[in-house]
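Student: Take this structure first; my questions come after.
The values are calculated or read from the model by the stated rules, or taken from the named source; none is laboratory data. Since we're looking at a predicted model, the values are computed, not measured. Positions of Cβ are generated from backbone atoms using ideal geometry, with glycine treated the same way; all protein chains shown enter the neighbour counts. Quick note on the areas: whole protein, heavy atoms, side chains included, nothing else; ligands and nucleic acids left out. Shrake-Rupley method; radii C 1.70, N 1.55, O 1.52, S 1.80 Å.
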Amino acid sequence: MIDSTPAILVIEDDADLRRSIALWLTETGYIALEAGDGQEGLARIREKRPDAVLLDLRLPVLDGFGVLTALAAEKDVTPAIIISGLDEIQGGNRAFRKGAAG
């Protein structure tokens, strides 16, 4: 039997926040995957093909904008939902232009 439970990847550099979100996702019936930076996140996307990504914009190694750019270049259709402490409207608009879900 194939498991049809949706998998969601949380790409967040704050380990406590990332784990809290992953725990909540697991408790609500999702498979939670985790990555601590954008480069690790892209590797997990390519390896596991999650159903969606919760993506912080401010990340070490490769930021969220870089992840969105890489996904767009690969024509990856994995929906990316921005989770960020950025309060800048420009940052949100930039993320949408790069393919983030609204």
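Student: Quick one: in the stretch 47-61, which of the residues that are over 13 Å from Ala7 (Cα atoms) and either basic (Lys, Arg) or touching a Leu at 6+ places or on another chain (Cβ under 7 Å) (or both) is most open to solvent (accessible area, probe 1.4 Å)?
Tutor: Arg58
Student: Now, a different point. Return the pairs, sorted by first residue and then second, in which the second residue is of a type outside the set (Val, Ile, Thr) and in a helix (DSSP H, G or I), the first residue lies in the stretch 31-46 and is open to solvent by 50 Å² or more (accessible area, probe 1.4 Å), the beta carbons are less than 7 Å apart, and the residues are 6+ apart or on different chains.
Tutor: As it stands, the answer is Glu34/Arg18; Glu34/Ala22, since those pairs meet every condition given.
Student: Consider only pairs whose beta carbons are under 9 Å apart and that are at least six residues apart or on different chains; among these, list those whose first residue lies in the stretch 52-73 and is at positive phi and whose second residue is surrounded by fewer than 24 Cβ atoms within 10 Å (Cβ to Cβ) and not in a loop (DSSP other than H, G, I, E, B).
Tutor: Hits for this filter: Val61/Gln39; Val61/Glu40.
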